[in-house]
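Peer 1: What follows is a structure written as structure tokens; I'll ask about it next.
The values are calculated or read from the model by the stated rules, or taken from the named source; none is laboratory data. Only a predicted model underlies this, so the values are computations on that prediction, with no experimental measurement involved. Ideal geometry is used to build each Cβ from the backbone, glycine not excepted, and the neighbour counts take in all protein chains shown. Surface accessibility is based on the protein's heavy atoms, side chains included, excluding ligands, DNA and RNA. Shrake-Rupley method; radii C 1.70, N 1.55, O 1.52, S 1.80 Å.
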Amino acid sequence: MSRQFDSDSTKFSVTLPSDETLSTLILCIKGAGHRYIVDLMDSGLSNVLRSYTIDHDGDLVFPYLKEGSYCIRITSDDNGNSMVDTGDVLKKLQPEKVLFFKFEDGTDKLAITPGAEITQDIDINSVFEL
């Protein structure tokens, strides 16, 4: 879908993907005994695309995803500040545990195809081996 916008001196056009090509990822979280940060990241691990902070079981919905490869990063938010903390040597604080979810094929990357709706079960206890 392409739309054109005009102003007094500038004309520009924006192209948006159609709903038929966008996908949805649903993560069904189980075993969330305390606070966690769940991030959807690009396959290069350089950008957090969407993020949820959770403290109980439930479904996390990531709509409007383009075709591509994505990763799920899960952080045990031990101090409850909704940030990934790296620790502090002087205060003798350990960093929060950060893990990437491994999919059924053994990799940490999920390929999303156009127009797909993917549901993935995640047992937090299995991910962190609690």
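Peer 1: For a quick check of your reading of the model, give me the residue pairs whose first member lies in region 51-70 and is in contact (Cβ under 8 Å) with a residue 40 or more places away in the chain, whose second is among the β-branched types (Val, Ile, Thr) and outside any strand (DSSP E or B), with beta-carbon atoms closer than 9 Å and at least 6 apart or on different chains.
Peer 2: Cβ pairs passing all conditions: LYS66/THR21; GLU67/THR21; GLU67/THR113.
Peer 1: Within region 19-50, can you find the residues that are in contact (Cβ under 8 Å) with a residue 60 or more places away in the chain, over 18 Å from SER126 (Cα atoms) and of a type in the set (Val, Ile, Thr)?
Peer 2: Those that are in contact (Cβ under 8 Å) with a residue 60 or more places away in the chain, over 18 Å from SER126 (Cα atoms) and of a type in the set (Val, Ile, Thr): THR21, THR24, ILE26.
Peer 1: Could you pull out every one of the strands (runs of 3 or more DSSP E) wholly within region 49-130 that has 2 or more residues that are farther than 23 Å from THR21 by Cα and open to solvent by less than 70 Å² (accessible area, probe 1.4 Å)?
Peer 2: Ranges flagged: 68-76, 98-100, 117-123.
Peer 1: Out of the residues in region 1-36 that are open to solvent by 100 Å² or more (accessible area, probe 1.4 Å) and assigned to a loop (DSSP other than H, G, I, E, B), state the one that is modelled with the lowest pLDDT.
Peer 2: The selected residue is MET1.
Peer 1: State yes or no: is SER46 surrounded by 12 or more Cβ atoms within 10 Å (Cβ to Cβ) and either among the small types (Gly, Ala, Ser) or part of a loop (DSSP other than H, G, I, E, B) (or both)?
Peer 2: The answer is no for SER46.
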